[in-house]
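A short write-up of the structure that comes next.
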Amino acid sequence: KDNNKKPVIEKLQYPAKLHLLANYPNRTEERMNFAIPITLTIVNKQQILTTSIDLSVKGIKFKLINELFLFKGDQLTIGFTGLEQEFQFSKDSFFYFEVRNVVRDSGTQIIGCQRIDIPKNDSFQHFLVGYIQGNKRRYKINLDNSLLALQARSIEQYALVKLNELVIFMHSTNVNKTSPRYALTTKNNQKLYQYWRDEKKRSALHYLINADRLQRLKVLQQQGKSLLVF
């Protein structure tokens, strides 16, 4: 027997769970937790009956089982069959939406959509503005949303102050010009922020994040890739 043989040390695997922080830029409208029957019509003209989760003037969220998959950028039409008693729809009243976000688990997917191709003086949009305002005090609390928001806010309070990366918030003008507006600085990323300031202490981030690179970033983001600048 070899007594000099080194013992084998088993390494334990601890899987890391990805936590997504709340996507505040997408919260441009007030949402109402609202469950009504809706009818989806996807690209191949297939119709699906499901139920909404929440509703805003230009957006909707609903749940689907994983037998049929939708992806960001997909377009579909939605018929609000559960609102036929409150709003006078025409015979073929379907509204165009685009998928903006998808959250999947083992058996279901939660789809967030935004309305597109909205005509001027749209009567349904005016109806939703008054309907959501009128039902404010009758909202049902969505416990899942509340728990996710609490978890995201807790992680933010812990993680954001320890960031090594420099988070930059962009600003868009009416002439489709986008430029850096704010930077989220922490104790750990101060050197990175100072590196992108000139001799007069002015930010030079607009030289790094220009229109050409922003356009390339948008394309790469859809592919799940990043952009390296040397």
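Nothing in this text is a laboratory measurement; each read-out follows from the coordinates by a stated rule. Only a predicted model underlies this, so the values are computations on that prediction, with no experimental measurement involved. FYI the Cβ positions are ideal-geometry reconstructions off the backbone, even for glycines, and counts take in every protein chain you see.
Label separation (LEU68 vs ASP122): 2.1 nm, computed from points 7 Å beyond Cα along the C-beta direction. Site pair ALA183 and TYR207 shows an inter-label distance of 1.2 nm when each label is modelled 7 Å from Cα along Cα→Cβ.
Antiparallel DSSP bridges in the chain: what percent, to the nearest 5? Before the final figure, lay out each step's value.
Numbers: 38 of 38 bridges.
Given both bridge residues lie in the chain, the antiparallel proportion sits at roughly 100 percent.
For the stretch 66-124, applying the loop criterion from DSSP together with a ceiling of 12 other beta carbons within 10 Å to the chymotrypsin sites (Phe, Trp or Tyr not before Pro) yields PHE69, PHE71. Once you sort the root eigenvalues of the Cα gyration tensor of the stretch 150-230 as a ≥ b ≥ c, which label holds: rounded (a/c under 1.5), prolate (a/b larger than b/c) or oblate (the other case)? Because a/c hits 1.5 or more and a/b fails to exceed b/c, the stretch 150-230 counts as oblate. For the stretch 24-155, the square roots of the Cα gyration tensor eigenvalues, ordered a ≥ b ≥ c, give a/c of at least 1.5 with a/b no greater than b/c, which places it in the oblate category. Rounded, prolate or oblate, given the Cα gyration tensor of the stretch 162-201, with a/c below 1.5 counting as rounded? Taking the square roots of the gyration eigenvalues as a ≥ b ≥ c, the stretch 162-201 is oblate. Within the set LYS45/LYS218; LYS72/LYS187; LYS162/LYS201, which residue pairs have Cα atoms separated by over 28 Å? Table pairs above 28 Å Cα-Cα are LYS45/LYS218; LYS72/LYS187. Considering only alpha-carbon pairs that sit under 8 angstrom and 6 or more positions apart, the relative contact order computed for the stretch 24-155 is 23 percent.
For the chain, the relative contact order works out to 13 percent when only alpha carbon pairs closer than 8 Å and six or more residues apart are counted. Across all directions, the shadow cast by the convex hull of the chain built on its C-alpha atoms averages 22.7 square nanometres.
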